[in-house]
Amino acid sequence: MARHVVAPLSEVPPGTRKLVDAGRRPIVVFNVEGRLYAVSNRCPHAGGPLVAGKLVGLVEACEPGAYRYSRRNEILKCPWHGWEFDLATGKSRCDPDTVSVRAYPVDIEPGANVLDGPLAVETFEVAVENDYIVVTV
C-alpha cells in the first residue's frame, strides 16, 4: 500500500477533521483528542459525504437503568441516513460483519523524515507568465 503525505499535523488539531486526497481517494482525517483516524469519505449505504457526519459515542448498559457513555466522538454518523461507523475499524454499528467504511492506518512523521526520507513531497516549479500561472510537471 502506498503512503501519502496529506497534511501538516497543525492543520488537524484535536476536535477537527480534514478532507484530504490520498492517491485520488477522498479520505477524511479525524483528530479525536489527539488520536488520528482516517476513513473513506463515502458512506457505503448511499454515498453520503462522511466529512459532514456527526461524531458520537456509545451508550452502554450492563443492566436496566445503569447506563454508561463511552468511546466519546469515536463513532461517525452519516449525515444522510444516520448509519454509524466505528472510526477505529470502519465497521458498521448495525451490521459489523457485512457493512463497513474503509478505514486507513494513520502515522505522524517528523518533517525531516518527510523532506529527506522515502516520503518526499513532490514539488513542481511554478512561474507566472503574462498573468497565467504555469506549473512545470
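The values are calculated or read from the model by the stated rules, or taken from the named source; none is laboratory data. Nothing here was measured: the structure is a model prediction, and the numbers come from that model. Using ideal geometry, Cβ is built from the backbone for each residue, glycine included, and neighbour counts are taken over all protein chains shown.
Output the residues belonging to the stretch 33-56 that are over 16 Å from Ala7 (Cβ atoms) and of a type in the set (A, V, I, L, M). Across the stretch 33-56, the qualifying residues are Ala46, Leu50, Ala52, Leu55, Val56.
Under the condition of being modelled with pLDDT of 85 or more and in contact with a Gly (Cβ under 9 Å, 6 or more places away or on another chain), which residue from the stretch 85-113 is surrounded by the fewest Cβ atoms within 10 Å (Cβ to Cβ)? Applying the filter and picking the extreme gives Arg102.
Rundown of residues vs (1) under 17 Å from His4 (Cβ atoms); (2) of a type in the set (Ser, Thr, Tyr); (3) in a strand (DSSP E or B); (4) at pLDDT below 95, yes/no style:
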{"residue": "Leu58", "(1), (2), (3), (4)": "no, no, yes, yes"}
{"residue": "Arg68", "(1), (2), (3), (4)": "no, no, yes, yes"}
{"residue": "Leu115", "(1), (2), (3), (4)": "yes, no, no, yes"}
{"residue": "Thr123", "(1), (2), (3), (4)": "yes, yes, no, yes"}
{"residue": "Val126", "(1), (2), (3), (4)": "no, no, yes, yes"}
{"residue": "Ile133", "(1), (2), (3), (4)": "no, no, yes, yes"}
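When Trp83 is tested against (1) touching a helix residue (DSSP H, G or I) at 6+ places or on another chain (Cβ under 8 Å); (2) more than 27 Å from Arg3 (Cβ to Cβ); (3) touching a residue at least 40 places away in the same chain (Cβ under 8 Å), only condition (1) is not met.
Taken together, the residues in the stretch 15-62 that are in contact (Cβ under 8 Å) with a residue 40 or more places away in the chain, more than 16 Å from Asp86 (Cα to Cα) and touching a Pro at 6+ places or on another chain (Cβ under 9 Å) amount to 0. Filtering the stretch 37-51 to residues that are surrounded by 11 or more Cβ atoms within 10 Å (Cβ to Cβ) and farther than 16 Å from Asp21 by Cα leaves Cys43, Pro44, His45, Gly47, Gly48.
Candidates in the stretch 5-19 are the residues that are surrounded by 14 or more Cβ atoms within 10 Å (Cβ to Cβ) and out of contact with any helix residue (DSSP H, G or I) (no Cβ under 9 Å at 6 or more places or on another chain); of these, the one that is nearest to Arg71 (Cα to Cα) is Val12.
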